[in-house]
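The values are calculated or read from the model by the stated rules, or taken from the named source; none is laboratory data. Just so we're clear, the structure is a prediction, and the values are computed from it rather than from any experiment. Here the Cβ positions follow ideal geometry from the backbone for every residue, glycine too, while neighbour counts run over all protein chains shown. To get the accessible areas, we keep the full protein, side chains included, count just its heavy atoms, and leave off ligands, DNA and RNA. Shrake-Rupley method; radii C 1.70, N 1.55, O 1.52, S 1.80 Å.
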Amino acid sequence: MGQPKPLLAWGEHTVIGHLTSLYRRLAGQVRVVCRADDAPLLAELDRIGVPPSDRVFNLEAASGMFSSVKVALQQPGWREGTTHIVLALVDQPQIDPESIARLLEAARSNPGRILLPLYEGRRRHPIVFPVVLAPLIAGNARFETLRDALHAHHESVIALQVADPGLSTDLDTPAQYDAAVKRFLPDPP
């Protein structure tokens with residue numbers, strides 16, 4: 001991308017500001033996995049009101065995305081009564097809030113199950129994990145990727161058909177970001 005995705009503009013917010021606000025509304029507690037030395041992101045988290053207790057530092061960030069997943073799932077300090085953890089990607093500010101709401105409702109109706117959206121025949125993110133499975137996934141050294149963990153727990157996975165084109169949009173290049181801004185924001189700059 002050439003610059004940090006969380007700090008890109010998204011409407012009146014940054015991407016991380018938009019996502020934090022969205023997930024707070026829909027899911028309650030929001031925790032952000034980041035590097036402890038990412039001063040610009042930490043400053044933005046200060047600005048948008050993410051308390052230090054909801055920042056999860058990944059000391060193994062260079063080893064890939066699954067290291068962030070494992071750190072998030074192992075992190076203590078979830079609010080009492082938390083039943084599920086939503087693993088959301090930072091490059092999905094374009095996701096329809098209704099898609100997230102449907103996943104969360106399905107999770108409430110299916111305790112102990114992993115929920116993920118299915119769009120155009122492919123599994124997508126965000127993924128909703130029951131808290132009871134978190135230590136089984138995060139603590140299993142055999143899992144090298146999130147796909148390995150999902151495969152091992154395939155009997156617990158529910159793929160929910162969702163008609164949300166935002167689920168298939170990546171923000172990996174400046175051109176993809178520009179296209180997403182034009183497509184998904186009501187008043188692009």
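Candidates [x] 45, 37, 30; [y] 50, 37, 33; [z] 53, 53, 24; which is the computed Cα extents along the principal axes in Å?
[x]
May I ask you to give the percent of accessible area on the stretch 24-91 that is carbon plus sulfur, with a probe radius of 1.4 Å?
54
Determine which residues of the stretch 162-185 fall in the zone a paramagnetic label at MET1 would reach in this model, i.e. backbone nitrogen under 16 Å from the point 7 Å along Cα→Cβ.
Within reach of a label on MET1, which here means backbone N under 16 Å from a point 7 Å along Cα→Cβ, the stretch 162-185 contributes 167-182, 184-185.
Please give the calculated 222 nm ellipticity per residue for the chain, where each DSSP H segment of at least 4 residues contributes -39500 (n - 2.57) and the sum is spread over every residue; nearest 500 deg cm²/dmol?
Here the helix-only value at 222 nm equals -10500 deg cm²/dmol.
In a Gaussian network model over the chain where Cα atoms closer than 10 Å are linked, find which of VAL33, VAL128, VAL86 has the largest mean-square fluctuation.
The residue that fluctuates most here is VAL33.
What number, in percent, do you get for the relative contact order of the chain if the mean sequence gap of Cα pairs under 8 Å and at least 6 apart is divided by its residue count?
This gives 23 percent for the chain.
When the chain is treated as a GNM, springs tying every alpha-carbon pair under 10 Å, which of HIS153, HIS84, HIS125 comes out with the largest mean-square fluctuation?
Greatest mean-square fluctuation among the candidates belongs to HIS153.
If the elastic network links every pair of Cα atoms under 10 Å, which of GLU155, GLU98, GLU80 fluctuates the most in the Gaussian network model of the chain?
GLU80
Taking 0.36 nm per residue of separation and subtracting the Cα-Cα distance, what length does fully extending GLU144 through GLN161 add?
Result for the pair: 3.4 nm of gain on full extension.
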